[in-house]
């Protein structure tokens, strides 16, 4: 038994069954090498006359395992922005003199030119990443450095430059820090829920396993559209009607989900 436990420990496997089974002991094993891969573990009672219990679990999809093409679209990185310098640069502009005698359009172009110049100096740009690729709320620079060190230690161990015990200690330390960071996020949300509601909703969104999409839409004539382009045209026509004065006689497109096995 001790050799088996050492093998599990050396392979960094995690036991996901936590509920006691027959006789109050955990007899069955569901092992995984990655947190979050196996979930929804349930005990479903005995099978026939057996005293053993059935175990039901789901293997969750690893969305992050699918590499997406890197976006070439650049966006502003406001986290690294120097807003003090930004305000100072705009404050130095003699606006009364610069806009004196100018029309609305010309004044806007002058203001826009100064704004973009200050933006270029004070707000760095970065490549835009997809929503699914954004960092989790508990991730910070220190953890990123530790995870990078873990990868480097793994390469060193594979090449024989790092000992097994040293590599295992680095892996355990990184895992402990990740667990502590997640626990700290939960604690902060529970303590400051009234003042950081935006962070709470982001936390809930990150916990979702699926994303809701726009369901089928119904045209005024009663036709049901399911293709993305057709749905965009229906929504565009409805929103445009608000500004054409014809919106009072039109009804919004009804959204209804098609459910298999259910009648009208």
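Evaluation of residue 123 against the conditions (1) under 26 Å from residue 185 (Cβ atoms); (2) in contact with a strand residue (DSSP E or B) (Cβ under 9 Å, 6 or more places away or on another chain) shows that the sole unmet condition is (1). Restricting attention to region 172-202, the residues being modelled with pLDDT under 85 and in contact with a helix residue (DSSP H, G or I) (Cβ under 9 Å, 6 or more places away or on another chain) number 9.
Exactly one condition in (1) within 22 Å of the chain's Cα centre (by Cα); (2) part of a helix (DSSP H, G or I) is false for residue 157; which is it? Every condition holds for residue 157 apart from (1).
The values are calculated or read from the model by the stated rules, or taken from the named source; none is laboratory data. Keep in mind it's a predicted model, so treat the numbers as computed, not measured. Glycine gets a Cβ as well: all are built from the backbone with ideal geometry, and neighbour counts include every protein chain shown.
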